[in-house]
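The block underneath contains the structure these notes are about, expressed in structure tokens.
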Amino acid sequence: MNAVEVTTEDLVVVLDPDGSERGTMGKMAAHQGSGTLHRAFSVFLFHPDGRMLVHRRAATKHHFRDLWTNACCSHPRPGESVTEAASRRVGEELGLDLAPERFSEVGAFVYRADDESSGLVEHEWDHVVVATAGSDPDPDPAEVGDWRWADVEALRGEVRSNPERFTPWFPLAWTVLDDPG
């Protein structure tokens, strides 16, 4: 049996409960069992007119598939800053070229969520980052099933009325965005 090679792209940064880095592990391994606390980020992209970009996760995603969420979510690679990772993933997932300096981190939160349909677990120290994007995305269909620019107040009502249509981290990240203190 051949060993599976784990590359830097497949690693997440594992954290202690106080947020201190304690090493790395494979991304899929971190999402199994009871979940291992690791660094992640959630990107909120706003159009200059104030609308927020939201997307429905592709049906082929490992977990929380087909649910609506913020513009982009992922994990920084070992040695990569959150804003560098946000820039990289917005390019990979959404086809948008936004330099790391365009992103601002506004806060972070820790959460844990079980995905019953996949059996995977999110246990993340999630950094919330924000940027402005004036053009429409050209998303990777393996990542994004659908997308839209949403009126913020209408979207708030949609999340309150139908929370099951959204990822569990989306309303938590939005709370940090609204009140970073």
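Output the residue which, of all residues in segment 94-123 that are of a type in the set (Gly, Ala, Ser) and in contact with a strand residue (DSSP E or B) (Cβ under 8 Å, 6 or more places away or on another chain), is farthest from Ser34 (Cα to Cα).
Ser104
Name every residue in segment 139-158 that is more than 17 Å from the chain's Cα centre (by Cα), outside any strand (DSSP E or B) and under 14 Å from Arg56 (Cβ atoms), in order of residue number.
Within segment 139-158, Leu155, Glu158 meet the criteria.
May I ask you to list the residues in segment 64-90 that are farther than 18 Å from His127 by Cα and over 12 Å from the mean Cα position of the chain (by Cα)? Working first, answer last.
Step one: filter segment 64-90 for residues farther than 18 Å from His127 by Cα, giving 64-68.
Passing the criteria: Arg65, Asp66, Leu67.
Is it the case that some residue within segment 83-97 is in contact (Cβ under 8 Å) with a residue 60 or more places away in the chain and touching a Pro at 6+ places or on another chain (Cβ under 6 Å)?
Within segment 83-97 (the criterion being in contact (Cβ under 8 Å) with a residue 60 or more places away in the chain and touching a Pro at 6+ places or on another chain (Cβ under 6 Å)), the answer is no, since none of the residues qualifies.
Among the residues of segment 104-118, is there at least one that is among the hydrophobic types (A, V, I, L, M, F, W, C) and without any contact (Cβ under 8 Å) to a residue 60 or more places away in the chain?
For segment 104-118, residues among the hydrophobic types (A, V, I, L, M, F, W, C) and without any contact (Cβ under 8 Å) to a residue 60 or more places away in the chain: present.
So Asp66 ticks every box in (1) in contact with a helix residue (DSSP H, G or I) (Cβ under 7 Å, 6 or more places away or on another chain); (2) within 21 Å of Glu143 (Cα to Cα); (3) surrounded by fewer than 16 Cβ atoms within 10 Å (Cβ to Cβ) but one. Which box is left unticked?
(1)
Suppose we keep only residues that are surrounded by 13 or more Cβ atoms within 10 Å (Cβ to Cβ) and without any contact (Cβ under 8 Å) to a residue 60 or more places away in the chain within segment 159-174. Which one would you say is nearest to Ser104 (Cα to Cα)?
Pro171
Counting only residues that are β-branched (Val, Ile, Thr) and more than 29 Å from Glu101 (Cα to Cα), which one in segment 119-168 is modelled with the lowest pLDDT? So that I can check it myself, show each step before the final result.
As a first pass, look at segment 119-168 and keep what is β-branched (Val, Ile, Thr): 121, 128-130, 132, 144, 152, 159, 167.
Retained after the next criterion (residues that are more than 29 Å from Glu101 (Cα to Cα)): 121, 159.
On the way: Val121: 91, Val159: 95.
Applying the filter and picking the extreme gives Val121.
The values are calculated or read from the model by the stated rules, or taken from the named source; none is laboratory data. No experiment lies behind these values; they were computed from the predicted model shown. Here Cβ is always computed from backbone atoms with ideal geometry, including for glycine, and neighbour counts include all displayed protein chains.
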